[in-house]
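Below is one structure, written out as C-alpha cells, with a few remarks after it.
The values are calculated or read from the model by the stated rules, or taken from the named source; none is laboratory data. This structure is a prediction, so every number in the text was calculated from the model and none was measured. Here Cβ is always computed from backbone atoms with ideal geometry, including for glycine, and neighbour counts include all displayed protein chains.
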Amino acid sequence: MPAKGKSRLSDRQKQRIAAGKALGRRHRDIAADTRLAKTTVDHAVLKPETKALIQQFKDENQEQLSRMYKKALGTLDADLDRKAFDARIRSRAQLMGIIQAGDERIAIGDLGAGEDGGKYSLEELLVEHVKLVRRK
C-alpha cells in the first residue's frame, strides 16, 4: 500500500488515462488498456492532475484533433441524411453530444423542477421544445 498522499497510479497510467479520455474513449476501454479497474479510471479522470494532462494532450495534438473533428463532422452530416432510420437516430444523439460537450446544465426557473432541481441540459430543453411545437 502506498504511503498516505501517494498515488497508486503510475505517471504512465495517468498519461494513458488522460489520452484515452481526450480521444473520447469509454472508461471501460481505458481500464482494460491500462489493466486498472473501471472505478479507478472513473476516479482518476476527475482529479485535477488528470484534467491538466487531458488539456496538455489536446494542446499538443490540436492540429491532428482538428482534422479528425472536421472529418467526423462530415461523416455525421452525411449520416443525418441517410435513409436508414437507426443511423439517423444515432447521428442525432452524437450531434447532441457534440453540441453540449462541456456545457453545464441550464437553470430555467419557469419550467418547473427538473430531475436536477430545476436545471436542464440542452438536450432536455430541445426535447421539450419539440413536444411543444408538435402540440400546436
Counting only residues in region 42-76 that are within 25 Å of residue 94 (Cβ to Cβ) and among the aliphatic types (A, V, I, L, M), the one surrounded by the most Cβ atoms within 10 Å (Cβ to Cβ) is identified as 54
Which is surrounded by 13 or more Cβ atoms within 10 Å (Cβ to Cβ), at pLDDT below 90 and not assigned by TED's automatic domain parsing to the domain that holds residue 95, of 19, 31?
-> 19
Take the residues of region 88-100 that are modelled with pLDDT under 85 and among the aliphatic types (A, V, I, L, M): which is nearest to residue 23 (Cα to Cα)?
-> 98
May I ask you to verify whether residue 58 is more than 26 Å from residue 125 (Cβ to Cβ), modelled with pLDDT of 85 or more and part of a helix (DSSP H, G or I)?
-> no
Please verify whether region 63-82 includes one or more residues that are at pLDDT below 75, in a helix (DSSP H, G or I) and of a type in the set (Val, Ile, Thr).
-> no
Answer with yes or no whether residue 8 is farther than 27 Å from residue 127 by Cβ and either polar (S, T, N, Q) or part of a helix (DSSP H, G or I) (or both).
-> no
Is at least one residue of region 61-74 hydroxyl-bearing (Ser, Thr, Tyr) and over 16 Å from the mean Cα position of the chain (by Cα)?
-> yes
